[in-house]
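The values are calculated or read from the model by the stated rules, or taken from the named source; none is laboratory data. Keep in mind it's a predicted model, so treat the numbers as computed, not measured. When we count neighbours, we look across all protein chains shown, and the Cβ atoms used for this are built from the backbone with ideal geometry, even at glycine. Note: accessible area is taken over every heavy atom of the protein model, side chains too, but ligands, DNA and RNA are not part of it. Shrake-Rupley method; radii C 1.70, N 1.55, O 1.52, S 1.80 Å.
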Amino acid sequence: MSDKDYLKDISEIKNLMNKSSRFISLSGLTGILAGIYALIGAALTYYIVTTYSYGTLILDGWVFRTVMLILFLVAFFSATTGIFLTTRKAKKNDEKIWDNSSKRLLFNFLIPLVAGGLYILIILSQGKYGQTGGLMLIFYGLALINASKYSIGDIKYLGFIQIILGLIAALYPGFGFWLWVIGFGIMHIIYGTWMHFKYDVK
């Protein structure tokens, strides 16, 4: 057996080990659609707050409840779309959708996300909402980085970008909304497009 054959065998073994320990059926289209949902939600929020609340979001009344509902719907549709497209891709690639790798991915993604969500709810209940956008970006970025160990490693770069945008939002709270739009909207579309052509298009 030649050296090339040995290298080929080693490469195949490495790929098999990588597939068994990582969930790689994530779809780039999920990021694109999640970004579109975020932009639609941001546009609705901007219109409602500027029209009915004079550009200031107060933690009371129907405007705040409507904004919270919009955020929930953006998260819901993003998660539902992600599950649907990921399941479809996994079936297409003849891969299991719910195995040890996907469980580890979900668990490690949810740890920072749930902790961050609870922390944001606590500070909102205390009337401290100036840092909400930055905190969403930071905890989401941490969730992506934490999950990247059990999925496509490239998603950690999106996580780093989200954290950087979140830190900038912490420094300049007045731009928190627009940085949120960039992070959850524009960056998702850009990154999802890149991931789609890199991993999905064959």
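Scoring Ile152 on the criteria (1) open to solvent by less than 40 Å² (accessible area, probe 1.4 Å); (2) assigned to a helix (DSSP H, G or I) leaves a single failure, condition (2). Is it fair to say Leu158 is at pLDDT 80 or above and open to solvent by 50 Å² or more (accessible area, probe 1.4 Å)? Spelling it out, it is not the case that Leu158 is at pLDDT 80 or above and open to solvent by 50 Å² or more (accessible area, probe 1.4 Å). Exactly one residue among Gly176, Gly192 is in a helix (DSSP H, G or I), under 15 Å from the mean Cα position of the chain (by Cα) and in contact (Cβ under 8 Å) with a residue 12 or more places away in the chain, and that residue is Gly192. Of all the residues in the range 67-81, those that are polar (S, T, N, Q) and open to solvent by 40 Å² or more (accessible area, probe 1.4 Å) number 1. Looking across the range 99-135, the residues that are open to solvent by less than 70 Å² (accessible area, probe 1.4 Å) and of a type in the set (Gly, Ala, Ser) come down to Ser101, Ser102, Ala115, Gly116, Gly117, Gly127, Gly130, Gly133, Gly134. Filtering the range 71-94 to residues that are among the small types (Gly, Ala, Ser) and free of Cβ contacts under 8 Å to residues at least 60 places away in the same chain leaves Ala75, Ser78, Ala79, Gly82. Taking first residues from the range 95-121 that are closer than 16 Å to Ile163 by Cβ and partners that are among the β-branched types (Val, Ile, Thr), the Cβ contacts under 7 Å between residues at least 6 apart in sequence or on separate chains come to Ile120/Thr132. When Ala75, Ala42 are checked against the criterion of being in contact with a helix residue (DSSP H, G or I) (Cβ under 7 Å, 6 or more places away or on another chain), part of a helix (DSSP H, G or I) and either closer than 16 Å to Trp180 by Cα or not basic (Lys, Arg) (or both), a single residue qualifies: Ala42. When the range 122-148 is filtered for residues that are assigned to a helix (DSSP H, G or I) and in contact (Cβ under 8 Å) with a residue 60 or more places away in the chain, only Leu124 remains. Open to solvent by 100 Å² or more (accessible area, probe 1.4 Å) and more than 25 Å from Ile189 (Cβ to Cβ): does that describe Phe84? Judged against the criteria, Phe84 is not a match.
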